Every structure is written in structure tokens, then in C-alpha cells.
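Participant: Here it is, the structure in full.
The values are calculated or read from the model by the stated rules, or taken from the named source; none is laboratory data. Note that the structure is predicted; figures quoted are calculated from it, not measured. Glycine also receives a Cβ, built like all others from the backbone with ideal geometry; neighbour counts cover every protein chain displayed. The area values use the complete protein model at the heavy-atom level, side chains included, leaving out ligands, DNA and RNA. Shrake-Rupley method; radii C 1.70, N 1.55, O 1.52, S 1.80 Å.
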Amino acid sequence: MGVHCVAIGACGRVLQRAFSLHPAHAPKDMENFFQLVRNIVPALTSKKHKGQDGRIGIVGGCQEYTGAPYFAGITALKVGADLTHVFCAREAAPVIKSYSPELIVHPVLDSSGAVEEVEKWLPRLHALVVGPGLGRDSLLLNNVRGILEATKARDIPVVIDADGLWLVAQQPALIRGYQKAVLTPNRVEFSRLWEAVFSSPMDATNQSDSILKLSQALGNITVVQKGEQDLISNGQQVLVCSQEGSGRRCGGQGDLLSGSLGVLVHWALLAGPEKTNGSSPLLVAAWGACTLTRECNHQAFQKYGRSTTTTDMIAEVGTTFSKLFTT
Ligand SMILES: NC(=O)C1=CN([C@@H]2O[C@H](COP(=O)(O)OP(=O)(O)OC[C@H]3O[C@@H](n4cnc5c(N)ncnc54)[C@H](O)[C@@H]3O)[C@@H](O)[C@H]2O)[C@@H](O)CC1
Ligand SMILES: Nc1ncnc2c1ncn2[C@@H]1O[C@H](COP(=O)(O)OP(=O)(O)OP(=O)(O)O)[C@@H](O)[C@H]1O
Ligand SMILES: [Mg+2]
């Protein structure tokens, strides 16, 4: 399937218990991680009520960017969440609603009572994805700062992407040490975070060392560095996901990743370390979301080649998820 997954401990030492770098062992290691993701996926039963498999909030969407929160929100639903709430700026709301009747859209993010408006919903949400299409308007970012504080106070898991990472780069203390946070920077966002945290340019020669150090400096929160290979670290180990994608790099793929991760983070924390064989639930969730995103890219590219767009990838989520993670 073109998958490669290893784990590297602090100082580059291989964690033998979890994985082996020896090529002969690699397929078994990969299979282990697939199994761990399968373990956290909740069973579909007739006993469940609406909402039980996930109520996910997306914080983002402004005048310029309406696609990104839609991509993240619809992906969360297609992975298996029951309800998705998008909290966006007023102008973005009718646009996002018009893309899909599936999303519940709250036009509150640029209002003076934004924090209170979102806070009302927090007790009903299982996870928050902060940043897709948020933009960098200072009023919005200030409101999101308050929303993040309220989210932490309620111990709700949070995935931070895109302009949410811009905010974290302005104020790393906002998220430092919060064990239920996952950051999903692309390469440029990663360098920005690095420079904010270390006040020096990043050394690009050893990426696994860099992600380990950044995670540690942020209090061992989980970081996913997206790229040709995705690196995932909690400051103790580094996972590599190189599920085969394609050469197509259309905008919005990162939103598919953050939306799917919002659901998987909730499922992984609910399942707990017994189901993840002692591995960090957030690492398992992140590896699952990266593998899913890359495989959706691969599948869509088989059909559409250079014309592949994120919408085509989202159409692959259901079958790809079943193929990879349904037992
Ligand atoms: N349809 C939409 O509404 C979309 C909106 N988006 C939003 O656009 C806003 C800005 O996101 P950006 O990703 O542009 O953030 P940045 O403004 O931080 O990125 C700057 C530039 O870095 C470049 N870049 C990305 N990966 C790179 C790499 N590996 N090596 C070298 N250069 C690289 C990109 O071309 C981008 O123009 C966010 O709010 C984001 O959510 C994107 O998610 C794309 C889709
Ligand atoms: N060179 C690459 N080869 C294969 N897959 C890649 C490559 N670069 C990124 N990806 C995959 O694409 C997904 C999104 O990563 P990307 O770096 O495009 O994020 P992004 O810039 O935040 O995207 P967005 O346009 O949504 O903001 C990730 O799952 C990553 O694994
Ligand atoms: Mg992005």
C-alpha cells in the first residue's frame, strides 16, 4: 500500500517496543498502527443516540475564506461525527450554509459577545478545530484567544490549524502544556512556530529532531508537521506517516486533515490508552488522520489526475476510511 511508519525516541533512539526500523519488521509495525486506529473507531449500533459519535466545533471562516471551514466540517461528518457546528464571521455564514445543509452555522465570531456565544455551546461539543479559514483580523483573533481559554478550562480537546497557528505563534503560552491540543502546521506554519518559540531560524536539516524539540518546548503537546512525509510527535517519540498520496497539492487538503483529526481525537480519547495499547491516543488519532488524508488524495488522483480538487478528495473519505480502518 506504499505505507511507511516508524517511531523514533528522543535523541533519535528507536523505540523497539512500539516499532522497529528494521525493514523486515516494517510491515508488522504498520499493521500495528492500522489496528490501533481500528480499535478506537466506535461501533455503529442501534442503541446510540444522535451526537454520541461526535459533536465537533469548527472555529473559522471569514470574508475571504469560506471553503476551509466547510472542508473541515464536512470531512468531520463524513468520517463519522454526528453533528458539526461552524463558528464563523457574520459575512461568511450564508456562504458556508449554502455549500451544505449538513453544517450548523453560527455567525458569531466577529461579534462583541463571540466568546460567550461559543462558550454556550462548549458543554455540548466533544472537540474543537480552530483555524481553518479564520484569517488574521485582530478582532477575530482576539475572540479566538478567549474561546481557546474557555475550551482549555473545560478540558475539551482542540486541533489547531492554519490561522489558529498564526495566533499560537503570537502567543505560544496560550497552548503550552495543554495535553489535549494537537497542532497541524504545514512547513511554513512550522517555521513560524519555531521562530516564535526559539527566537531563531529553524535548522531544516533534521526534521524529526526539530519536531521533537518544538513539541517539548510547547510542553509536550502533539504536533503534526505536514509535508512529503508527515511527522507526528509528542516530544517523546516521532511517528512518520508516508502513506502514498500523489503529486497534486491543491489547497484545502490540510482542512480535510484537521476536520478528520477533530473526530479521531475525540474517539481516541474516549477509547483511552487500553485501546491504543499504551500508545498516546493523540498520536494514534494523528497518524490515522494523516493516513486517511493521503490515501484520499491518492484515490482521487487515480480518477482525476491534475484536475483533482479537495472536493474530489472529500468524496473519497467514506470508502477510503472503510478500506483502511473498518474491521
Ligand atoms: N478554500 C479555502 O477557503 C481555503 C482557505 N485556506 C485558508 O487560507 C489561510 C492561509 O493559509 P495558508 O496555507 O496560505 O497559510 P500561510 O499564509 O501561512 O502560507 C503561506 C504560503 O506558504 C506556502 N506553502 C505552503 N506549504 C509550503 C511548503 N511546504 N513549502 C513552501 N511553501 C509552502 C503556500 O503556498 C502559502 O501561500 C488559512 O486560513 C487557511 O485555512 C486554505 O486552507 C486553503 C483553502
Ligand atoms: N509533498 C507531499 N506529498 C504527499 N503528501 C503531501 C505532501 N505535502 C503535503 N501532503 C499531504 O497533504 C495534506 C495537507 O498538507 P499541506 O502541507 O498541503 O497542508 P496545508 O498547506 O495546510 O493545506 P491547506 O491548503 O488546506 O491549507 C497532509 O495530509 C499531507 O500529508
Ligand atoms: Mg492549511
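Participant: Tell me, which residue of segment 46-69 that is away from ligand 2 (no atom under 16 Å from the Cβ) and under 20 Å from W166 (Cα atoms) is least open to solvent (accessible area, probe 1.4 Å)?
Facilitator: Among residues in segment 46-69 that are away from ligand 2 (no atom under 16 Å from the Cβ) and under 20 Å from W166 (Cα atoms), the one least open to solvent (accessible area, probe 1.4 Å) is G57.
Participant: Checking the condition within 11 Å of ligand 1 (Cβ to nearest atom) and closer than 25 Å to L270 by Cβ, which residue from P157, P132 passes?
Facilitator: Exactly one residue qualifies, and that residue is P132.
Participant: Determine whether Q229 is under 22 Å from G262 (Cα atoms) and not hydrophobic (A, V, I, L, M, F, W, C).
Facilitator: yes
Participant: For segment 75-95: of the residues being part of a helix (DSSP H, G or I) and buried (at least 23 other Cβ atoms within 10 Å of the Cβ), which is farthest from the chain's Cα centre (by Cα)?
Facilitator: A92
Participant: While we're looking at this one, here's another question. Considering segment 181-206 alone, what residues qualify as being surrounded by fewer than 19 Cβ atoms within 10 Å (Cβ to Cβ) and away from ligand 2 (no atom under 13 Å from the Cβ)?
Facilitator: Across segment 181-206, the qualifying residues are E195, A196, V197, F198, S199, S200, P201, M202, D203, A204, T205, N206.
Participant: Looking at P157, P107 in this structure, which one is open to solvent by 10 Å² or more (accessible area, probe 1.4 Å), more than 30 Å from T326 (Cβ to Cβ) and touching a residue at least 12 places away in the same chain (Cβ under 8 Å)?
Facilitator: Residue meeting the stated conditions: P107.
Participant: Here is a further query. Output the residue which, of all residues in segment 186-232 that are small (G, A, S), in a loop (DSSP other than H, G, I, E, B) and more than 16 Å from ligand 3 (Cβ to nearest atom), is modelled with the lowest pLDDT.
Facilitator: Restricting to residues being small (G, A, S), in a loop (DSSP other than H, G, I, E, B) and more than 16 Å from ligand 3 (Cβ to nearest atom), the top hit is A204.
Participant: Of the numbered conditions (1) within 16 Å of ligand 2 (Cβ to nearest atom); (2) in contact (Cβ under 8 Å) with a residue 40 or more places away in the chain; (3) open to solvent by 40 Å² or more (accessible area, probe 1.4 Å), Q236 fails exactly one; give the number of that condition.
Facilitator: Every listed condition holds for Q236 apart from (1).
Participant: Next question. Regarding segment 105-112, can at least one residue be identified that is within 22 Å of T311 (Cα to Cα) and acidic (D, E)?
Facilitator: No, every residue in segment 105-112 fails to be within 22 Å of T311 (Cα to Cα) and acidic (D, E).
Participant: Condition first: open to solvent by 10 Å² or more (accessible area, probe 1.4 Å) and closer than 15 Å to K78 by Cβ. Can you find one or more residues in segment 240-254 that meet it?
Facilitator: Yes, segment 240-254 has at least one match.
Participant: Continuing with the same structure: Keeping to segment 239-258, report how many residues are small (G, A, S) and either more than 15 Å from the chain's Cα centre (by Cα) or more than 10 Å from ligand 2 (Cβ to nearest atom) (or both).
Facilitator: 5
Participant: Which of the residues spanning segment 117-139 are assigned to a helix (DSSP H, G or I) and either within 16 Å of ligand 2 (Cβ to nearest atom) or open to solvent by 10 Å² or more (accessible area, probe 1.4 Å) (or both)?
Facilitator: E117, E119, K120, W121, P123, R124, S138, L139
Participant: Identify, from the list A43, A72, the residue that is out of contact with any Lys or Arg (no Cβ under 9 Å at 6 or more places or on another chain) and away from ligand 2 (no atom under 16 Å from the Cβ).
Facilitator: A43
Participant: Taking segment 301-324 as the search range and keeping residues that are surrounded by 20 or more Cβ atoms within 10 Å (Cβ to Cβ) and within 20 Å of the chain's Cα centre (by Cα), which one is nearest to ligand 2 (Cβ to nearest atom)?
Facilitator: That would be T310.
Participant: Now, a different point. How many of the residues making up segment 189-209 are within 20 Å of L239 (Cα to Cα) and of a type in the set (V, I, T)?
Facilitator: Residues in segment 189-209 being within 20 Å of L239 (Cα to Cα) and of a type in the set (V, I, T): 1 in total.
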